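K.L.:
I am attaching a structure below and will ask some questions about it afterwards.
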Amino acid sequence: MMATVQFDLVSPERKLASLTVEQVQIPGSEGRLTAMAGHEPTILTLRPGRLIAIGPEGELEFIVTGGFAELSPEHISVLAEVALPRGEMSQEIVNEMITQARAEHNKATQEEQAETHSFLADLVHIAEDLGFHTNL
């Protein structure tokens with residue numbers, strides 16, 4: 001049996017998860033990371049993507065669009081800007097997210113363009129990967 005760790009996922013709107021897990025796959029800004037019990041203390045930023053918590057009772061999947069994760073040997077805490085259970089994603093939500101990201105990209109300064117473009121590209125990729133249309 002794998003060692004377990006406490007996992008909490010919250011967004012500004014609500015607490016989405018608080019449970020014991022074996023691992024959490026996190027979409028970090030530097031790439032995907034799998035956090036488990038005993039992980040070195042780390043803080044990382046999130047990029048849009050799938051966050052998957054795997055525990056003794058199965059797998060939970062969430063979609064996150066940004067925020068931070070704090071990892072320690074005993075705890076994984078994710079503070080997401082936007083987070084939804086995979087089952088709550090809809091074409092309407094995807095449309096809203098992409099429209100907002102495009103608006104942010106269009107008003108971004110030249111210095112912000114690369115970051116907003118990357119964010120928009122990540123959103124489009126995850127939406128298409130989940131089977132949603134992104135041609136707005």
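The values are calculated or read from the model by the stated rules, or taken from the named source; none is laboratory data. Just so it is clear, the model here is predicted, and its values are computed rather than measured. Because the Cβ atoms are built from the backbone with ideal geometry, glycine has one as well, and the counts that use them run over all protein chains shown.
K.L.:
Conditions: (1) free of Cβ contacts under 8 Å to residues at least 24 places away in the same chain; (2) closer than 18 Å to Leu130 by Cα. Glu13 meets all but one. Number of the miss?
P.N.:
Among (1) free of Cβ contacts under 8 Å to residues at least 24 places away in the same chain; (2) closer than 18 Å to Leu130 by Cα, Glu13 violates only (2).
K.L.:
Same structure again: For the stretch 18-47, name all the residues that are over 16 Å from the mean Cα position of the chain (by Cα), of a type outside the set (Ser, Thr, Tyr) and farther than 17 Å from Pro85 by Cα.
P.N.:
Narrowing the stretch 18-47 to residues over 16 Å from the mean Cα position of the chain (by Cα): 19-22, 36-42.
If we keep only those that are of a type outside the set (Ser, Thr, Tyr) too, we end up with 19, 21-22, 36-41.
Hits for the stretch 18-47 are Glu22, Met36, Ala37, Gly38, His39, Glu40, Pro41.
K.L.:
Only residues that are in a helix (DSSP H, G or I), touching a residue at least 12 places away in the same chain (Cβ under 8 Å) and under 18 Å from Leu120 (Cα atoms): list them for the stretch 65-102, please.
P.N.:
As a first pass, look at the stretch 65-102 and keep what is in a helix (DSSP H, G or I): 86-88, 91-102.
Keeping just the survivors that are touching a residue at least 12 places away in the same chain (Cβ under 8 Å) gives 86, 91, 94-95, 97-99, 101-102.
Hits for the stretch 65-102 are Gln91, Val94, Asn95, Met97, Ile98, Thr99, Ala101, Arg102.
K.L.:
Which one is surrounded by the most Cβ atoms within 10 Å (Cβ to Cβ), of the residues in the stretch 120-136 that are in contact with a helix residue (DSSP H, G or I) (Cβ under 6 Å, 6 or more places away or on another chain) and not aliphatic (A, V, I, L, M)?
P.N.:
Ranking the candidates gives Phe132 first.
K.L.:
Ile43 passes all but one of (1) crowded, with 17+ Cβ neighbours inside 10 Å; (2) assigned to a strand (DSSP E or B); (3) not charged (D, E, K, R); which number fails?
P.N.:
Going through (1) crowded, with 17+ Cβ neighbours inside 10 Å; (2) assigned to a strand (DSSP E or B); (3) not charged (D, E, K, R) one by one, Ile43 breaks only (1).
K.L.:
Something else about it: Among the candidates Phe132, Phe62, Phe119, which residue alone is in contact with a strand residue (DSSP E or B) (Cβ under 9 Å, 6 or more places away or on another chain), aromatic (Phe, Trp, Tyr) and either under 30 Å from Val5 (Cβ atoms) or not in a strand (DSSP E or B) (or both)?
P.N.:
Values: Phe132 fails: in contact with a strand residue (DSSP E or B) (Cβ under 9 Å, 6 or more places away or on another chain); Phe119 fails: in contact with a strand residue (DSSP E or B) (Cβ under 9 Å, 6 or more places away or on another chain).
So the residue among Phe132, Phe62, Phe119 that is in contact with a strand residue (DSSP E or B) (Cβ under 9 Å, 6 or more places away or on another chain), aromatic (Phe, Trp, Tyr) and either under 30 Å from Val5 (Cβ atoms) or not in a strand (DSSP E or B) (or both) is Phe62.
K.L.:
Scan the stretch 81-102 and tell me whether some residue there is outside the structural domain of Val124 (by TED's automatic domain parsing), over 26 Å from His133 (Cα atoms) and surrounded by 13 or more Cβ atoms within 10 Å (Cβ to Cβ).
P.N.:
No, because not a single residue in the stretch 81-102 is outside the structural domain of Val124 (by TED's automatic domain parsing), over 26 Å from His133 (Cα atoms) and surrounded by 13 or more Cβ atoms within 10 Å (Cβ to Cβ).
K.L.:
Here is a further query. Quick check, is Ile98 hydrophobic (A, V, I, L, M, F, W, C), more than 30 Å from Thr4 (Cβ to Cβ) and under 16 Å from the mean Cα position of the chain (by Cα)? Outline the logic, then answer.
P.N.:
Numbers: hydrophobic (A, V, I, L, M, F, W, C): yes; more than 30 Å from Thr4 (Cβ to Cβ): yes; under 16 Å from the mean Cα position of the chain (by Cα): yes.
Answer is yes for this residue.
Residue-wise test of (1) surrounded by fewer than 13 Cβ atoms within 10 Å (Cβ to Cβ); (2) modelled with pLDDT under 95; (3) touching a strand residue (DSSP E or B) at 6+ places or on another chain (Cβ under 9 Å); (4) of a type in the set (Asp, Glu).
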residue: Asp8; (1), (2), (3), (4): no, no, yes, yes
residue: Val21; (1), (2), (3), (4): no, no, yes, no
residue: Gly49; (1), (2), (3), (4): no, no, yes, no
residue: Gly66; (1), (2), (3), (4): no, yes, yes, no
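K.L.:
Hey, can you tell me all the residues within the stretch 92-136 that are among the aliphatic types (A, V, I, L, M) and touching a His at 6+ places or on another chain (Cβ under 6 Å)? Explain how you work it out, then say what you get.
P.N.:
Initially, the stretch 92-136 is screened for residues among the aliphatic types (A, V, I, L, M), giving 93-94, 97-98, 101, 103, 108, 114, 120-121, 123-124, 126-127, 130, 136.
Leu120, the sole residue that qualifies.
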